[in-house]
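Have a look at the structure below, then the notes.
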């Protein structure tokens, strides 16, 4: 039928009409690490896997970014120049910023992991990490698993 939308109340397209493409929202990942190589590696791996990537070198910078635009997942280092990753999570929570988080650290301890999990981090990953394993974890976190 001319003028009829391709989909109406869950019906399939009329014969000969093409279904309108469904826009898929691209997840945004904010990578917070003072090491440029880590940010670059994560940026490359994430963009190649279809993610939008934002980068920050300091906790304050990450908080400002997260206040100004939606972030689906925060990958954050524990040791940062201006504050530690636990303080970043705490400040984001105080600011009402809600996003999933994965803490990356070479200096982890059970106490740090427990604090991070309490403040909303979903996982703690030891550095150095395997990029493919990290990408699987990120996809799993964003899928809600």
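For this structure, a couple of remarks:
- Inter-label distance for residue 135 and residue 87, nm, one decimal - labels placed 7 Å from Cα along Cα-to-Cβ: 3.4
- In range of the label at residue 109: residues from the range 73-96 whose backbone nitrogen is under 20 Å from the point 7 Å along Cα→Cβ: 77-90
- Inter-label distance, residue 35 to residue 98: 3.3 nm, where each label sits 7 Å from its Cα along the C-beta direction.
- Global form of the range 28-142, assessed from the alpha-carbon gyration tensor, a/c cut-off 1.5: rounded
- Gain upon complete extension [residue 49, residue 122; 0.36 nm per residue less C-alpha separation]: 24.2 nm
No value in this document is a laboratory result; all are computed from the given coordinates. Every value quoted in this text rests on a predicted model; they were computed, and no experiment measured them. Positions of Cβ are backbone-derived with ideal geometry, glycine not excepted, and every protein chain shown enters the neighbour counts.
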